[in-house]
Each structure stands twice: as C-alpha cells, then as structure tokens.
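So the structure is just underneath, and the comments pick up after that.
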Amino acid sequence: MKILVPIKRVVDFNVKVRVKPDGSGVDTANVKMSMNPFDEIAVEEAVRLKERGVATEVVAVSCGVAACQETLRTALAIGADRAILVQADGELEPLAVAKLVAAVAKKEAPQLVILGKQAIDDDANQVGQMVAALLDWPQATFASKVEVAGGKATVKREVDGGLETVELELPAVITTDLRLNEPRYATLPNIMKAKKKPLETLDPAGLGVDVSPRLSTLKVAEPPARKGGGKVADVAELVAKLRNEAKVLP
Amino acid sequence: MILVLAEHDHASIKSATHHAVTAAAKLGGPVHVLVAGHDAAGAAKGAASIAGVAKVLHADAPHLASPTAENLAAQVLAVAPSGYTHLVAPATGQGKNVMPRVAAKLDVAQVSEITAVVSADTFVRPIYAGNAFATVRSGDRVKVLTVRGTAFDAAAGGGAAPVEAVPVAPAVTRGAVVTGQELTKSERPELVGARIVISGGRGLGSGENYRKLLEPLADRLNAALGASRAAVDAGYVPNDYQVGQTGKIVAPELYIAVGISGAIQHLAGMKDSKVIVAINKDAEAPIFQIADYGLVGDLFEILPALTAALPAR
C-alpha cells in the first residue's frame, strides 16, 4: 500500500511574523522556513504505518517554489521513500494545491493521502477536504488516532464535543490533528541518506492543472493592538477591579 | 440569496448559527438557513426564529443523524443551484469539515474564518494565528465562506420564517461512516459562546489539580472551562477543551487564564476577550502582556482564595 503525504513549506512556527509596511503581505524574506507542523505529523504517521508493515511506500509531495525541495528532504529524512515537487513560482491557493495533489494522486494511485489539517501560515484548513472532494474519496479530518486494516481506515477525529470514530473504505484522505503523534527528530545518518533518495520535479501544466488565483489580497494589516500589562496585587484587588472597574462581576 | 448551513443538535439550533446569520445578513440579499438532520424539526423551528432569516430549508433523513462531511456537502450542493450567491457556515468543526468539499465540487475558492464583511465579494480573515489580517476579494461566481463566530454578534430571536421541507440528497456511497462518539458531558455552559471562560494550563500540574482548583471557581461564576494545548496534550482534560489557533476561538466577557504562559497559538484563540485575567507565578509570562489584570503568584493559593471571595450561586 502506498501513502501520499502532501507537505507545505511555511514560516517556522517560532517566528513572529511582521506585516510589511506597505500592507502587501507579511515579510517572509530572511525568515526561517520549516515544514508545516501538522504535515510533519502526517509524514510521521505515514512512516509509522510503513514501519508497522501496513504501508509499503511513502511518497511526499510539495507544491511551490524550488526551495520546497528542502522541505521534501526533511520528509525523506523522517522516512519517506521518495519525493515529488510540483514546481510553481506564484502563490498557490488551497484549491490549486488540492487540484495538483489530486492530479498527483491519480498518477500515483495511493491508498491513503495523509496531510496536515491546516497550514500555520494561511490557516485555511481546506486542502485535505478539497482533495477528497475532487477524487470523490471519503475523508477523516482532525485525526487523533489512525488504524489501517483490511482495506479500511478507522480514524478517531477531534470534533467540537469530544471525539468521533469514523470508518473509511480505502482509498481515502486523512488530515492530522496535534495529538496524532509526536514526530521524531531526523538523525544525521538519515539526513545524509535523504540526500540520495529520489526527488522528481513536475509542473502544473504537465499535470493539466490551472493554478490561476481566484482571490486577490487587497491588504494585509496588523491586528488591533491590545492594551494589556495591568497588574493587581492580590485577590481582593482583583475581585474589586472586576466588579467596579471592568464591571464583569456582580 | 445567501445560504447558511445551520449548526444544531437536531432538537435545537446552536448559537454558532446565530453568529453566522449576522455575517450573512451583511452580504446583501435574503438569508436562508439549511437545517440538515434527522428528526430535526426542533432545530428547524429554532432556525426559523432567528431574526433576519427569510426561509428555512429542512432536509430530514436517517443518514443525516450523525452527518458526515460527504453527506452534508451533498445536501448543500443539492440546494445550492437554486440561485445562491454565497454559501456560508460557522467555522466550527463541522463547518471546517464540510465547506471545503462544497467549494471544491463547485470549483470555487473558500474564504475561511472571515472576521468582517467589507462588501459582497470582499472579506477580512486572520492569517498566521491572528498575527495579521488579510482583506481578500473573491472573483468566483459563488462565494463559499466560513465565519468566525466571535467576530459577529449573535442574531436576535423573535423571527418567524417559513420552514420548507427540501428533497434529501441520497447518502454518498463512497463516504466515511460514523461508528462511535465519545462526547464530553457537562452541565456547564459551552466553551464557545460562554460569558465567562476559565482556562487552565500546565501550571496546574495535573488533571486532578485542574478539577480541584478550577471547577469550584467555574461553579461560582457559571463559567465554561477551557485549557491550553499543553494541558490537553498532558491529558489533564479532553481535546474539546482546547482554546487556541487550532482549537476553539472564544471571546467571552471575562477570560481567566490560570497557569498558562501564553504561547502565540493560545493567544490566537482568546485575545479578543473583553476582559482578560492572568494568574501565573512567572511574572515574565507573555500572557501578562495582553492581560487587563495580571496576578503574579502561586495559583494553588490564589485559586481557593478567589473562589472563596465570590458568592456561591
């Protein structure tokens, strides 16, 4: 069984992004880039399924600029077997990425597509669901536990009221939540090995996908600043302030 | 015309729907609400009573009892062609699960978690965990939107829209099947929409401490209980307690953060609260930078004292 893992290169989660003074976007020049943390969980899950003997091959795919190769090498170092870069220079919206991933899935015919539930840059939370829709495959979003056996995946999902268990007939799409696993650190020998693993480059036109944007960003702004930093000395002062100043307690 | 996918539990309509209706009403055009469920007449009636709703579409079938994304999306797509310019859902677990499927099937973009409507085709949405807000214009013929509830007031009640039964889309054959649910039972207000929220973090040290210290305070304030990711990861409380970028987004009148340091991802879920109280022993914790009232000290002493200082309900 083959697993396809789409991954995204994003600004590292530790970086505090800054809005460009001209309001055209956030400043991503000279900023540390990493694999989207949810996608790292997806790679880890796929590699574990391979280590358990459930999967035979893990293929990582990333859509974007040439530098996404670094992100793909990280996936290979975690344990993916090979990588595909769908190279595109402009900004790709979730629908475009979903179409590219669906096109790669048609070519590769995996039984599972596992990817992060959202990317921490645009916070869109769309690609997995869109891939499932485009392929007409069942989906399980926000997975916190995945078991695969007998042509089926059983997935525990994090929902608003708690947890929900769903069964999916394969092929299917799964998106990962935070508690699915804790990704391993790539070891130096594995980082070295990853450099020799195959990495193929495709382009949107070759996949027959039109990636032209549907949205235009008119402006990017800082959030309104919150005036915090007030302190109280003790419980009595806190309760008095909440009652008399903030008026949120009776 | 605008279609809002209702959030409900079949018997009644959930407040997330009221917030989404307020956003929908800003788009221009009559607002219809789709209630897809099973034995959901109660929810349909609830939707009909939301002020500003022109019509309720009610799809009722056994396969919509525990609706999957596949079946809900099919139901939305079944009614979508009757002239809707906007398909809207609250940005809840359900809305996030369903709407991108709808958008992909219609070959249109989705604009996620909008926090403001600038015009019928232009919306504001948070990116980078709310550290920036993008104003985006959609050029698609149909706009698919999810709405961040905290950014829009709840629509009032008192409406009396007609309820129309609509044909049920057949169950999707290649779809997920729900086989089980473990839902957190609580007598407390729901986290999203509560007037007061008390959240605990790793500073509490254990699930036992979380319950021992926060529950009595929550009882006195009739507050909902939440948690930081760290507390959920450590197993103090179930996943549905999580407040943050990827958990629940809340904006109560009063938010009390106990033993929470204030990672960006947590702040993204609560920094629009009206009044923020932070209780933490580390005076340098980032949570204090956004708190209106910070109290530096040992939460194991402060919490019992705070609870004792408030009248029992």
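Descriptive notes on the structure:
- The stretch B:221-261, residues that are within 20 Å of B:Phe133 (Cβ to Cβ) and more than 9 Å from chain A (Cβ to nearest Cβ): B:Val243, B:Gly244, B:Ile249, B:Val250, B:Ala251
- Note on the stretch B:102-189: enclosed strands (runs of 3 or more DSSP E) holding 1 or more residues that are surrounded by 15 or more Cβ atoms within 10 Å (Cβ to Cβ) and within 11 Å of chain A (Cβ to nearest Cβ) are B:110-114, B:116-119, B:122-127, B:132-138, B:143-147, B:177-183.
- Total residues in the stretch A:186-229, condition loosely packed, with under 10 Cβ neighbours inside 10 Å and either within 23 Å of B:Gly269 (Cα to Cα) or under 21 Å from the mean Cα position of the chain (by Cα) (or both): 3
- Here B:Pro216, B:Pro286 are screened, and the one residue that is more than 7 Å from chain A (Cβ to nearest Cβ), in contact with a Ser or Thr (Cβ under 6 Å, 6 or more places away or on another chain) and surrounded by fewer than 21 Cβ atoms within 10 Å (Cβ to Cβ) is B:Pro216.
- B:Leu77 more than 8 Å from chain A (Cβ to nearest Cβ), outside any helix (DSSP H, G or I) and modelled with pLDDT of 95 or more: no
- Among the residues of the stretch A:76-92, just one is assigned to a helix (DSSP H, G or I) and of a type in the set (Val, Ile, Thr), namely A:Ile78.
- The one condition from (1) part of a loop (DSSP other than H, G, I, E, B); (2) more than 14 Å from the chain's Cα centre (by Cα) that B:Gly193 does not meet is (2).
- Candidate set from the stretch A:93-132 (those that are crowded, with 24+ Cβ neighbours inside 10 Å and either of a type in the set (Asp, Glu) or in a strand (DSSP E or B) (or both)); member that is farthest from the chain's Cα centre (by Cα): A:Leu112
- Meets criteria (within 7 Å of chain B (Cβ to nearest Cβ), within 20 Å of A:Val65 (Cβ to Cβ) and among the β-branched types (Val, Ile, Thr)) for A:Thr201: no
- Selection count, the stretch A:165-191, where residues are part of a helix (DSSP H, G or I) and aliphatic (A, V, I, L, M): 2
- Some residue of the stretch B:302-310 being at the interface with chain A (Cβ under 9 Å from one of its Cβ atoms), closer than 10 Å to A:Gly228 by Cβ and touching a residue at least 12 places away in the same chain (Cβ under 8 Å): no
- Those residues of the stretch B:251-272 which are touching a strand residue (DSSP E or B) at 6+ places or on another chain (Cβ under 7 Å), crowded, with 23+ Cβ neighbours inside 10 Å and not aromatic (Phe, Trp, Tyr), in sequence order: B:Pro252, B:Ile256, B:Ala257, B:Val258, B:Gly259, B:Ile260, B:His266, B:Gly269, B:Met270
- B:Ala263 falls short on exactly one of the conditions (1) modelled with pLDDT of 95 or more; (2) touching a Ser or Thr at 6+ places or on another chain (Cβ under 9 Å), and that condition is (1).
- Residues of the stretch A:137-154 classified as farther than 24 Å from B:Val243 by Cβ, within 11 Å of another protein chain (Cβ to nearest Cβ) and β-branched (Val, Ile, Thr), total: 1
- Strands (runs of 3 or more DSSP E) contained in the stretch B:240-313 and holding at least 1 residues in contact with a Phe, Trp or Tyr (Cβ under 7 Å, 6 or more places away or on another chain): B:275-280, B:293-296
- B:His63 being surrounded by fewer than 24 Cβ atoms within 10 Å (Cβ to Cβ) and assigned to a strand (DSSP E or B): no
The values are calculated or read from the model by the stated rules, or taken from the named source; none is laboratory data. Keep in mind that this is a model prediction, so the values were computed, not measured. Don't worry about glycine lacking a Cβ; one is built from the backbone with ideal geometry, like all the others, and counts go over all protein chains shown.
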